[in-house]
Amino acid sequence: ETPHNKRKSVTVLGLGNMGAAIAHTFINQGYDTVVWNRNAEKCKPLVEAGGAGIEILIEAVAASKQVVICLLNNTAVDEVLKQVAGAVAGKVFINLTSGTPAQARDFAEWAEKQNASYIDGKILADPIDIGTAKAQLLFSGKPTVFDAQYPLLEKLGAITYYGEDAGAAAVDFLAQVAIGYEFLIGFLHTLQLVDQEGVDLAAFAHRVAGTLQGYGPLLSLMVNEIKLGTYQPDLGPLQVQAAMFDDLINHRKSKNVETLRMQEIKNLMDRRIANGHGAQGFSSLFELLGKQ
Ligand code: FVH
């Protein structure tokens, strides 16, 4: 039996899909895991798994030095933290709730004023993957605090540290999540397109997954062209791409599939070509996307 002050303990606030997966992981890793949830019913499965359910929020927070928070959004986190203000000196808050860089920086400032510490974390994974290398977790905050928390955090999955600025992990998270959604809404639209032509969707998805392999090197090439400002043709010169886009958009219109985003791309291409850059690549649209 390890002496009490050596026993690893952690409190988890929020036992939704993700919070419960996090709490289960800590329990499985031998932590004395205190669990709290607004709707206390959700503590039951965790208590059965060996966790300690505490219904009074301030007692749940008082029970451990490390307090992991995983709620629906940071509005909820705000509501919860307000209830424990003044009673958190010495605590280490590890917030794994999705949110913005500004929210993360505000919480870090709040913690500082409360004589507590703060690490901001973002999860690029499904609950099922938590506790395995498949889960990607992004962290930022004070290096000394991150280092001290590393043994706890690395139990959750593959972790990346983004440095001292508490908002840095959220910057990457929101950007990467946005790219994912841009791609996936495009994918859903193309499924409508090919479905109408009787294409087998599973086979099509497999082919798309194959084509996606080529995008890694293209991303690096485009960033290089943006740095150099030369914008060598990628995907061909813009004027050739624009010619294809007219057909692509007309085809979609004929199939009653949304052309909003494709029209946005075409408009950018036309503007860039009109500015005399028709021989440049798709990367040159970057010039039109910054603060106007
Ligand atoms: N689930 C996923 O696949 C994604 C993967 C990527 C990261 N996200 C983020 O994880 C956060 C939690 O998401 P979740 O899936 O666990 O969400 P729910 O299952 O709906 O659980 C929400 C918990 O938040 C509690 N809650 C909501 N509002 C409040 C409030 N005002 N005060 C206190 N707690 C609140 C809720 O409590 P209850 O309704 O059970 O009483 C749940 O515990 C999220 O940021 C995702 O973006 C997950």
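What follows is calculated from the coordinates using simple rules that are stated; it is not laboratory data. For clarity, every value in this text was computed on a predicted model and none was experimentally measured. FYI the Cβ positions are ideal-geometry reconstructions off the backbone, even for glycines, and counts take in every protein chain you see.
General remarks:
- Selection within the range 133-163: residues that are within 14 Å of the ligand (Cβ to nearest atom) and not hydrophobic (A, V, I, L, M, F, W, C). The member of this set that is farthest from K65 (Cα to Cα) is K134.
- Single unsatisfied condition, D126 versus (1) in contact with a Phe, Trp or Tyr (Cβ under 9 Å, 6 or more places away or on another chain); (2) within 16 Å of the ligand (Cβ to nearest atom): (1)
- Cβ-Cβ under 6 Å pairs, at least 6 apart or on other chains, the range 70-88 side β-branched (V, I, T), far side within 7 Å of the ligand (Cβ to nearest atom): V77/L71; V77/T97
- Long-range neighbours under 6 Å by Cβ, at least six apart or interchain, first residue without any contact (Cβ under 8 Å) to a residue 12 or more places away in the chain within the range 280-292, second among the aromatic types (F, W, Y): none
- Helices (runs of 4 or more DSSP H) enclosed by the range 114-215 - at least 3 residues per element that are buried (at least 16 other Cβ atoms within 10 Å of the Cβ): 143-153, 168-196
- Counting only helices (runs of 4 or more DSSP H) that sit wholly inside the range 230-292, those with at least 3 residues that are surrounded by 13 or more Cβ atoms within 10 Å (Cβ to Cβ) and either under 29 Å from the mean Cα position of the chain (by Cα) or of a type in the set (G, A, S) (or both) are 260-272, 286-289.
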